[in-house]
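First up is the structure itself, then whatever we jot down about it.
The values are calculated or read from the model by the stated rules, or taken from the named source; none is laboratory data. Bear in mind that the values here come from a model prediction, so they are computed numbers and not experimental data. Positions of Cβ are generated from backbone atoms using ideal geometry, with glycine treated the same way; all protein chains shown enter the neighbour counts. Quick note on the areas: whole protein, heavy atoms, side chains included, nothing else; ligands and nucleic acids left out. Shrake-Rupley method; radii C 1.70, N 1.55, O 1.52, S 1.80 Å.
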Amino acid sequence: MPPHFPKAAAPLAIHLALAAVSPAGEGLFDWESGDPCAPKWEADGLRVTNARGTICASSSGPVTNGTRSSGDLGGLAIFHINGLPFTPRSMDLAEYSATFPEEIVSFFGTKADGTVVSTSVALDGVFDGAGGQDDFQPFAFPADFADIVRLEVPDSRWRFDHFRFATIIPPPLPPDPLLNSGFLSANLLYSKPVLDNTLVIGGDFQFVSGFIPNAPSKTKFLPPEGAGFFSNTLSAYYDRPEKTLYFKQSGFTALRKITTGPPADVVTLANVAAAGFPEVESLSMPRAAGGRLFFLGANFHGGDAFFILRLQAGAITGIVTPQTVLPDGKSGSTPHNFPNDIAVTATGFAFDTSVKSAPSTGRLYASFGGEPVRQVFPPKVPIPWQESTITVESFSDFEFTSGGALRVRARLATGNAWLHFTSAGLVRVMEIDAFAKPENAGKNVSGELVETAAGVTFLAARDEIYRLENGLFYRVAGVGDTIGGNTVSLIEFKAAPATPPLRAIVEVRYESSPATAHLFELVLAAPRTLPPRFGESVVHPESGDLFIPLSQLTLGHRYWLQRSGNLADWTDVRPIENVAPMQNLLVPKSSLVSPSFFRVMDR
C-alpha cells in the first residue's frame, strides 16, 4: 500500500535509480495522432492548447496539404509538459480560409528568465486546395528562439502543421494502479457478445439479453434491482408495478405480454379492426402504466398515416388518428411523421411527430393528468425561464419522471440540457454537457451529466465515469482500470440503483477480449482525495536531471517540491503544476546534492 500523509505535510523520500530514458533530440508535432477535437494535444513532451480550451484538426477544406492541420488556433500556447526549455525549429504555415487570404502571424517566445523574443511572418496567399500548389509554406524560427519555455501566438486566422522542435523528451510513464480507487467491489451481472442485442428496460434495470419476440422463454432476464433508470425500445416495454414485459410479435400483427408462465396476446390486428380501425396494418411501441396500454398502429399503404391507440378495461380507443388536429402554435394541423417514441404515466402521455403544415419540424405533444393534448414547447421560439429565455433548437429523448414531469433532452443554443415540463410549463433546466475538475483524477474532464432517480449525479466522460458529491466530482472507474481481474478498454455508464449502498451499473470491454461486453454492478467507495505518490525515478543520461513519475495531484490544490539533506530541514525547490493524472516531475541537476531527500507539500 502507498504511504498516506496528512494534508499539511506530505514527506516522501526518493531513492534514486539510474535508468536510460529518451535522450534530448528532435521532436515533431503534426496533428496526426489523437481525436479530431481535444482540449489539448501532446507530442514528444510538448503540449499545445488554445484560448477556448478545445482544438480541432482536419485534413479537409479549401486549405489543405492532404494531412491533418488546424486553424483552431486563437490564443495558441505551446509548452513542455514538465516546464523544460525547448527550441522551435520550423513549421508549415497556411492561410486560415479564402475569407482571410493574407495575414501576418506573430510568434512570441518566453525564456526561463522572463525574457520575451518575437518574430512575424507574412503568409503567401496561396490556398487553392487539393491538387493545386502547396497551400502551406515553410517557416524557420530565428536563432534567438532557442531554449524558450513557452511559445504563444495571439493571431487566430492561420493554420499550421509539421512543427519541428528540439527538447528533452521525458521518459514514458508507467500505469498507475492507484487510479482504480472509486469502487469497492465489482459484481458481474452478465456477459454477452458485442453484436448481441441487450435491452435495458424498466425503472428497475430489467436487462433483457437476446430478446426473441416469438420465443421470449429463450430470452435471458436478470433479476430486477433498484430504481432510477429508464430506456424505451420500439419492441419491448417493462411495466415495473405489474412486473410485466410487453412486446410486439414479429410481423407486427399482435402485442404480447409475459409475467410468469407462457406469453399471451394482449391485442391483435383483429381486435383493432373490430374497434373501428380496420386500416391499421401493424402494431408496435407498447407503453403501459396505470392499467392503460398505449401503442402505435400504422398504415404503411396510407403514406404517413399512424394511430396512437389505448387499451383500457378491454376497450380500444383512438387517442391520435390521421384526422386529429394538433396545436402547432398558430391554429392547428394534422399529424405527419411517425412518432419516435411514446411516454406514458397513469394519467398522462406524450409523443413526438410533425404536422402537415410544417412537415420538417419535429414537435413534442403531451397530455398532463388527463388534460387535452398540448404542444409542450414551440420549436425555435424563446421560452421564458427565470430572468431570461431559452430556445429549443431540437430535442430527442423524453420520459416522465416519478413526479409526473415530462423530462426532455434538448439541444439549446448554449448546449444540451434536460428540460422538465408540467401543465404549468417549463419548471426545471439541467445542463447536460459539463466540464469538471475531479478531486482524484488530476486533470480536467468533460462529458455528459446523468441524474438518477435517487438524486445522484454522474459525469459520463469519454473514457471514465465520475460521481458528484457535495459539489465535487470523484472518479469512479475508467479505461485502464482492472475490473473483474481484466484491464478495461471501454466503459459506458448504464444506470445507478436507488437503494443503498451507492452503486453504478456499467458496461465494459476488456483489452484481452474486445468482442465481449460485460455488465458490472460497481459498489462505490466513499469519496476521497488521494495523496500524491512518487514512482520509480530515473536520471537523464545527458543532462543529469532527475525525472520522477508523480500521481494523484488534485486540481485546485497548491503543491511544492521540497528538498532536505537531513529529513528535518526542508527548502522549496519548485512549485508543481498538476497537469495530468500522472506526470514526470523534473528535479534540476543543481538540486541533486548529496544527500538529497524530496517530498511534496500540499498547501
task: Determine the alpha carbon to alpha carbon distance for each of Lys192/Lys257; Lys40/Lys494; Lys248/Lys494; Lys243/Lys494; Lys257/Lys380 and list only those over 30 Å.
output: Lys257/Lys380
- request: Give a residue-ordered list of calculated ³J(HN,Hα) values for the stretch 560-573 (Karplus: 6.51 cos²θ - 1.76 cosθ + 1.60, θ = phi - 60°; whole Hz; x for Gly, Pro).
  value: 10, 8, 10, 10, 9, x, 9, 6, 10, 9, 10, 10, 5, 9
task: Compute the FRET efficiency between Asn444 and Ser58 as 1/(1 + (r/R0)^6), taking r as their Cβ-Cβ distance and R0 = 30 Å, and round to the nearest 0.05.
output: 0.80
- request: Rank these by accessible area, largest first, 1.4 Å probe: Lys192, Lys356.
  value: Lys356, Lys192
- prompt: Hey, got a sec? Which GluC sites (Glu not before Pro) in the stretch 50-123 land in a DSSP loop and have at most 16 other Cβ atoms within 10 Å?
  reply: Glu102
message: Keeping all protein chains in place and using 1.4 angstrom, which order do Glu279, Glu439 fall into by accessible surface area, from largest down?
response: Glu279, Glu439
query: Could you list log10 I(q)/I(0) for the stretch 380-458 at q = 0.20, 0.21, 0.22, 0.24 Å⁻¹, which the Debye formula gives when each Cα is one point scatterer?
result: -0.95, -1.02, -1.09, -1.21
- line: From most to least accessible, 1.4 Å probe, no ligand or DNA/RNA atoms counted, Cys56, Cys37 line up as Cys37, Cys56
message: Show me the ranking of peptides 476-486, 116-126 by mean Cβ neighbours inside 10 Å, starting with the highest.
response: 476-486, 116-126
Qualifying GluC sites (Glu not before Pro) in the stretch 473-532, DSSP loop, other Cβ atoms within 10 Å at most 16: Glu511
- prompt: Straight-line reach from Lys111: which aspartates and glutamates have a Cα under 20 Å away, not including same-chain ones fewer than 8 places off?
  reply: Glu26, Asp44, Asp144, Asp147, Glu152, Asp545, Glu577
field: From phi via Karplus (6.51, -1.76, 1.60), per-residue ³J(HN,Hα) for the stretch 85-91 in Hz, x at Gly/Pro
entry: x, 8, 10, x, 9, 7, 7
query: Where a ≥ b ≥ c are the square roots of the eigenvalues of the C-alpha gyration tensor, would you call the stretch 291-379 rounded, which needs a/c under 1.5, or, failing that, prolate if a/b is larger than b/c, or oblate?
result: oblate
- prompt: Between Glu393 and Ala264, what is the label-to-label distance in nm when each label sits 7 Å out along the Cα-to-Cβ direction?
  reply: 5.0
query: Is the stretch 310-453 best put as rounded, prolate or oblate by its Cα gyration tensor, with a ≥ b ≥ c the root eigenvalues, rounded for a/c under 1.5, and otherwise prolate when a/b is larger than b/c, oblate when not?
result: prolate
task: Give the accessible area for Ser284 in Å² (nearest 10); use a 1.4 Å probe, count only protein heavy atoms, and leave out ligands, DNA and RNA.
output: 20
query: Is the stretch 411-523 best put as rounded, prolate or oblate by its Cα gyration tensor, with a ≥ b ≥ c the root eigenvalues, rounded for a/c under 1.5, and otherwise prolate when a/b is larger than b/c, oblate when not?
result: prolate
message: Can you give me the long-range amide H partners of Val194? Hydrogens built in the peptide plane at 1.01 Å from N, cutoff under 5 Å, separation of 5 or more residues or another chain.
response: Thr516, Ala517
field: Among 582-588, 423-429, 446-452, the order from most to least packed when residues are scored by Cβ within 10 Å on average
entry: 582-588, 446-452, 423-429
- prompt: Summing Lys, Arg as +1 and Asp, Glu as -1, what charge do residues with Cβ under 11 Å from the Cβ of Ser357 carry, Ser357 excluded?
  reply: +2
task: Could you please report the charge total around Thr259, scoring K, R as +1 and D, E as -1 over all other residues with beta-carbon less than 13 angstrom from its beta-carbon?
output: +2
